[in-house]
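Read-outs: derived from the displayed coordinates by stated rules, not from any lab. These numbers were taken from a predicted model, which means no experiment stands behind them. Cβ placement follows ideal geometry from the backbone for every residue including glycine, while neighbour counts extend to all protein chains displayed.
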Amino acid sequence: MLIPILLILLALASIGFMAVSLWFFYKYIFSYRLPRGQYQLLLGFIHLKWISAAYVVFTLALTIWAFLLIL
Amino acid sequence: MFELDERYIDGFPEESREEVDNTDRSFIGQQKHEEIMLCTRLHPIIILPYVFGIALITAIFFAIVYGTSNVIPKGEIMGQILLFGVFSAYMYYLHRFFNKLLNYYLHVVILTNYRVIEVIKTVYFCNNKDTIDLHKIQDLKKDQDGLFCTIFNYGTLVVEVSAIHETKRVRYLPNPDKWFQTLNKVKRSYIERRRAKVPRGGHSPVVQSSTYDKVGVSRSMLHNQMIRVL
């Protein structure tokens with residue numbers, strides 16, 4: 001019984017941390033915009049929204065996988 | 001890297017002076033008439049160690065998870081505890097990796113018509129700003145030593161500041177040649193303007209400085225004294 005409770009707590013903490021990180025990040029970059037017309041992508045092709053989407057997907061996928069594998 | 005707007009090298013267009021209010025537009029503390037001329041994040045090579053790190057940890061994670069699931073039957077308490085520990089550790093590293101990526105986007109170096117600013121911001125803990133006014137820059141150096149620096153075109157910009165014998169180093173700066181040339185041009189233009197005492201649209205380019213504000217000496221007074229000395 002202890003492991004499922006710990007797992008739920010871990011999942012909540014992980015998803016919460018991700019949400020707060022992205023919220024802080026986007027709040028800052030939308031408040032203080034650098035000139036967008038001359039923006040250069042990471043390594044020339046990686047969009048910032050791809051990184052954010054990857055963060056969300058990996059966190060959720062890992063959490064779901066942990067539930068499926070452990071319980 | 002942002003491209004240089006050539007209009008601002010030899011002066012400031014009247015319309016931009018009068019109409020545009022840049023206060024806090026691109027970074028905290030931006031002045032009303034302060035224009036961004038060059039801006040960059042650090043070279044992406046600084047995130048390479050984190051990419052290798054997460055790749056290695058992912059490999060170890062998968063090895064442990066599949067190794068455990070083959071050896072320990074599902075529902076076994078020891079297996080559950082082990083897997084819980086492994087998942088917890090991997091989640092920690094995953095969050096750490098993505099937060100490093102987000103922090104990479106927040107760390108910028110900016111050259112404006114008044115100063116050079118390094119904004120060292122992280123998502124959670126750090127919100128620092130390192131500023132050097134253009135008139136304080138005594139000497140500029142560009143260090144680009146090493147194979148990787150040459151291949152990937154990054155380097156260190158060393159700015160020597162007058163009076164206090166201090167140096168400011170901006171490491172992992174992409175395209176350091178362009179920064180070196182542009183900073184020299186902008187500095188020269190700035191000093192010439194100050195010597196000629198040309199007002200910018202009728203506004204005194206007072207740059208806020210907490211150090212000077214504390215002792216009650218305005219930056220414009222210091223500017224005028226410097227001009228007299230020059």
Problem set entry | Backbone HN-Hα couplings from phi across the range B:90-96 [Karplus 6.51/-1.76/1.60, Hz, Gly and Pro as x] | 5, 4, 4, 5, 5, 5, 4
For this session: Enumerate the calculated ³J(HN,Hα) couplings along the range B:166-175 in order (Karplus 6.51 cos²θ - 1.76 cosθ + 1.60, θ = phi - 60°), each rounded to whole Hz, writing x wherever the residue is Gly or Pro.
Result: 10, 10, 10, 10, 10, 8, 6, 8, x, 6
Problem set entry | Exercise: per-residue mean of other protein chain Cβ atoms within 10 Å, B:82-95 | 5
For this session: Can you pull the one-decimal nm distance between simple spin-label points at A:Ala53 and B:Phe152, each 7 Å off the Cα toward Cβ?
Result: 2.6
Problem set entry | Partner chain coverage, peptide B:102-112 - average Cβ within 10 angstrom | 3
Problem set entry | Lysine-lysine proximity count for the range B:94-152, Cα under 24 Å, sequence distance 8 or more or distinct chains | 5
Problem set entry | Amide proton proximity set for B:Ile120, modelled H, under 5 Å, gap of 5+ | B:Asn128, B:Lys129, B:Asp130
Exercise. Label B:Lys32 and A:Ile3 with points 7 Å out from Cα along Cα→Cβ: what is the distance between them in nm?
Worked result: 6.6
Exercise. Direction-averaged shadow area of the convex hull around the Cα atoms of the range B:47-103, nm²?
Worked result: 3.8
Exercise. Using 7 Å Cα-to-Cβ label points, what is the B:Asn175/B:Glu192 separation (nm, one decimal)?
Worked result: 2.3
Exercise. If you bin every alpha carbon distance in the range B:135-199 into 5 Å steps from zero, what whole percent lands in each bin?
Worked result: 4, 17, 22, 21, 16, 11, 6, 2, 1, 0
